[in-house]
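Coordinate-derived values only; no laboratory data. Just so you know, these numbers come straight off a predicted model, no measurement behind them. Please note: Cβ atoms are built from the backbone with ideal geometry, for glycine as well, and neighbour counts cover all protein chains shown.
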Amino acid sequence: MSRFLPLLLACAALGGCVAAEPLSADRVSSDTWLQMTDDGIGTLRTGTPFREDAMSVVAPNAEIRSIQTANETRTEWTQAAFIGEVQAVQFFKGPNNTIGEIHGVSQHLIGPNGERIGMTMAQARVSRRDCRNGESLWRGMAVCKARGAPHIQLVFSIPQYDGPFDELPSSEDLQRAELQRIVWHAKS
């Protein structure tokens with residue numbers, strides 16, 4: 001009898017668990033520069049001004065540059081922190097000229113439960129029931145809640161996914177979905 005059979009039976013009874021698979025070094029880095037928690041990243045938290053000097057404290061020697069990128073609903077010019085030549089995070093303006101969202105886009109950022117860009121949904125141990133279908137620019141992607149962090153979303157895409165794009169992909173497709181962004185939303 002497989003040593004994993006009791007776990008599989010328990011998962012089936014609970015409505016599904018996500019099995020973790022080993023990370024491969026060529027796909028996901030283990031070198032951590034930043035950690036995102038439900039409160040933000042380091043001293044960048046709800047109420048932090050949307051100013052270059054405030055954003056640059058995200059990491060030593062971080063350089064803030066203007067970029068064009070997208071969140072779920074629109075494409076816009078915003079600011080990003082580069083560490084060396086690696087884009088680590090993107091900042092989106094919120095109310096009262098404060099940071100409203102931070103998008104982690106580098107493998108060198110770790111999420112609240114150890115999530116890293118490039119992990120599969122199975123590796124990140126995210127359940128389909130914690131996800132919704134992305135809308136607008138993130139249509140066909142899974143937007144999921146991070147465990148124990150209500151202000152963080154995990155955005156997954158599925159390589160070579162052919163749809164349908166108007167509903168959440170199947171559980172089998174989601175298991176191979178890859179984490180593209182870790183998104184922190186300021187507390188309202």
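With R₀ fixed at 25 Å, the C-beta to C-beta distance from GLN68 to PHE165 puts the FRET efficiency at about 0.60. Please work out the Cα center distance from region 44-60 to region 144-176, rounded to the nearest Å. So the separation of the two Cα centres works out to 29 Å. Panel note: the C-alpha atoms of region 34-185, placed on their principal axes, show extents of 44, 28, 28 Å (largest first). Amide hydrogen proximity for LEU168: with H placed 1.01 Å from N in the peptide plane, the residues at 5 or more positions away or on another chain lying under 5 Å are ASN133.
Averaging 1/r over each pair of different alpha-carbon atoms in region 144-188 and inverting the result gives 11.8 Å, the Kirkwood hydrodynamic radius. The value of relative contact order for region 34-185, using C-alpha pairs under 8 Å at least six residues apart, is 21 percent.
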